[in-house]
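All of the numbers you see were taken from the coordinates with simple rules; none came from a lab. If you're wondering where the values come from, they're calculated on a predicted model, not measured in any experiment. Because the Cβ atoms are built from the backbone with ideal geometry, glycine has one as well, and the counts that use them run over all protein chains shown.
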Amino acid sequence: MTSEQWDREAETFDDEPDHGLRDETTRAAWRDLLLSVLPPAPARIADIGCGTGTLSRLLVDEGYDVDGLDFSPAMIERARTKVTEATFVVGDAAAPSLTRGAYDVVLCRHVLWALPDPVAALARWVALLRPGGAVVLVEGSWTTGAGLTADETVRIVRSVRAEATVRHLPDTVYWGKEIADERYLVVSRR
């Protein structure tokens, strides 16, 4: 999709339970999941493809320092309103205009699959990390045929880093509904 198409999606983007995290149970599940893999706050996090800033809001509330990036100006406008304590920029997830070597974590949800060269993009994301930094990816292989399988994502990560672990996320608590596709979290610490 183009940035203009995502701009049109911005107004209703948070209506999906896993996008807006408006339900406290869903929000708590995402908070617990992310806190289980992130370093302690106040680590610095790059939220790549941040959309309306929902994960940024969750992380700032937990004491993290967050910079978000999205290529949709309308998404960034909503993120800036939602999370005034974070910094947001309009930019390309494939080549983020963020400071190299400045982050403890690069977090990206449902973006890697859509990039034309995910290996090159991931290498650029890794360059944003401080020594010992982690990459945290939430991805999926959807029933529509779009996305990446967990095995494909692990291969991409291991082409750039030595280690990748997968946690499958089939539970409805994360999505607000039953799912029939593969959704998962991949973490790489080295």
DSSP beta bridges in the chain: the antiparallel percent, rounded to 5, is 40 percent
Rounded to the nearest 500, the 222 nm mean residue ellipticity computed for the chain from DSSP H runs (n ≥ 4, each -39500 (n - 2.57)) alone is -9000 deg cm²/dmol
From fewest to most C-beta neighbours within 10 Å, the residues ASP18, ASP23, ASP47, ASP92 line up as ASP23, ASP92, ASP18, ASP47
Contact order relative to length for the range 3-188, counting C-alpha pairs under 8 Å separated by 6 or more residues, stands in percent at 19 percent
Mean-square fluctuation maximum in Gaussian network of the chain, Cα pairs under 10 Å, restricted to SER72, SER97, SER141, hits SER97
Cα convex hull volume per residue for the range 56-153, in Å³, equals 116 Å³
Neighbour-count ranking for GLU24, GLU9 (other C-beta within 10 angstrom, fewest to most) reads GLU24, GLU9
Shape call for the range 1-97, from the Cα gyration tensor axes a ≥ b ≥ c (a/c under 1.5 means rounded, otherwise prolate when a/b beats b/c, else oblate), comes out oblate
Residues whose built amide H sits under 5 Å from the amide H of VAL89, excluding neighbours closer than 5 in sequence, are GLY68, LEU69, ASP70
So, with points 7 Å from each Cα along the Cβ direction, the VAL126-GLU4 label distance in nm works out to 3.7 nm
Any GluC sites (Glu not before Pro) in the range 88-170 that lie in a DSSP loop and have at most 15 other Cβ atoms within 10 Å would be GLU163
Residues ARG130, ARG57 in order from fewest to most other beta-carbon atoms within 10 Å are ARG130, ARG57
Going residue by residue through the range 88-95, the Karplus relation 6.51 cos²θ - 1.76 cosθ + 1.60 with θ = phi - 60° gives ³J(HN,Hα) values, rounded to whole Hz and with x marking Gly or Pro, of 10, 10, 7, x, 8, 4, 5, 8
